[in-house]
Amino acid sequence: MSKRTHTREDQRLRTEFYEEGVLLDADPETRHLADCHLCRTRIDYEAKPGTTPDSHTLDHYFPVDDYPELQNDPENFRHAHFNCNSSRGKGEIENGLGEEMPAWW
Ligand SMILES: [Zn+2]
């Protein structure tokens with residue numbers, strides 16, 4: 001069982017974090033801060049989050065399954081590509097049995 005929750009608050013934080021990324025990405029001086037923390041390349045902020053492999057997702061630096069108390073801690077948030085985040089899984093599992101199968105899969 002996943003300890004991850006899906007509340008209105010989670011959604012709000014997720015959206016805020018994405019919007020912060022959009023702003024960082026729009027300015028060449030801060031763009032690097034909005035890059036994917038896993039592969040260090042630019043994220044497609046024009047795509048709706050989680051809809052394409054290059055679109056934005058919120059990755060938790062410390063996996064929520066192991067650190068459920070950090071799920072909504074912005075210090076634990078990292079910008080990532082949807083694809084990179086999916087293949088990372090929890091960090092140790094190569095091909096994790098995903099909780100949510102992406103629509104484009
Ligand atoms: Zn990436």
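Rule-based calculations on the coordinates, nothing more; no lab input. Quick caveat: nothing in here was measured; it's all calculated off a predicted structure. Cβ sites come from the backbone with ideal geometry, for glycine too, and all protein chains shown count toward neighbours.
Whole-Å semi-axes of region 8-88's equivalent ellipsoid, largest first, each the root of 5 times a Cα gyration tensor eigenvalue?
19, 14, 12
Output wanted: per-residue J couplings in Hz (rounded whole) for region 24-37, from phi through Karplus 6.51 cos²θ - 1.76 cosθ + 1.60, θ = phi - 60°, x for Gly and Pro.
Result, rounded to whole Hz: 4, 5, 6, 10, x, 6, 10, 3, 4, 6, 9, 5, 4, 6.
In debye, nearest 20: dipole of region 8-88 around its Cα centre with unit charges on the Cβ of K, R (+) and D, E (-)?
Taking the Cα centre of region 8-88 as origin, the dipole is about 260 debye.
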